[in-house]
Amino acid sequence: TQNPLDEGVFNRANLDAIVRNNAALVDYAVKHGLQSTVAYWEMDNERWDMPGAEYAETVAAHVKMLRSKIQTAKVVVCLGELGPYSANPEGSHAIVWSRDLLKRLQELGMNGKIDYFAPHLYPYLFDSADEITENYLEDYSVRYIYRSLDYMSAMVDRYGFKSSRFYITEWGTQSDSLADQSRNDLLTSMAAAIAAAKDAMAIFSH
């Protein structure tokens, strides 16, 4: 009735128990002919609460189990993104976490076995400095997405996952007031729509 990982206890026995539990779900899908209705299997969601290396162990064990039952299963793995205003990317939590994840996945022989990595993109402005608030929202969003995905692309390649692609399973566009400057509802909606369209094109380009 308790998830051992939620309790902060990570060991092989607990991981094996979790994999067995999830294997029952996969077996059910196969038994009832439902495997073709699942386009992608995402390995949990935003597991920043556990070390990247432990998430890698969890991913590797589940991919091995999943592919033994559904050889054509497409796998999506969580990936941290480059944070806004990241002056020291290599020292940021998301990048350290992602680096630990990729390094451990490589050590576990997972190169070529991960179809997609999924960074979650939220290019929100939090700075109230005049030079920031006067920028158009959609221009900032596009710059942020290019910077983040360029950085993450290089990291994924560096650890030997060049055949993997990005699958943006979650993203957003800021549509509320911009820092300490507010907009009326119509202008906010119009600005958000333009930003969303430009963000989508920036994501698609990667």
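Points to keep in mind about this one:
- Annotation for region 18-110: chymotrypsin sites (Phe, Trp or Tyr not before Pro) lying in DSSP loop with at most 11 further Cβ atoms inside 10 Å of their Cβ are Y85.
- Residue-span extension gain [F204 to E42] - 0.36 nm each, minus C-alpha spacing: 56.4 nm
- Among 30-36, 152-158, sorting by the average number of other beta carbon atoms lying within 10 angstrom of each residue, highest first, gives 152-158, 30-36.
- Mean sequence separation of contacting Cα pairs (under 8 Å, at least six apart), scaled by the length of region 1-118, corresponds to a relative contact order of 28 percent.
- Counting charges near L121 (Lys, Arg +1; Asp, Glu -1) among other residues having Cβ under 12 Å from its Cβ returns a value of -2.
- By accessible area with a 1.4 Å probe, ligands and nucleic acids excluded, highest first: order of K162, K74: K162, K74
The values are calculated or read from the model by the stated rules, or taken from the named source; none is laboratory data. Note that this is a predicted model, so its numbers are computed, not measured. A quick note on method: Cβ atoms are made from the backbone with ideal geometry, for glycine too, and the neighbour counts reach across all protein chains shown. What goes into the accessible areas is simple: the full protein's heavy atoms, side chains included, and nothing from ligands, DNA or RNA. Shrake-Rupley method; radii C 1.70, N 1.55, O 1.52, S 1.80 Å.
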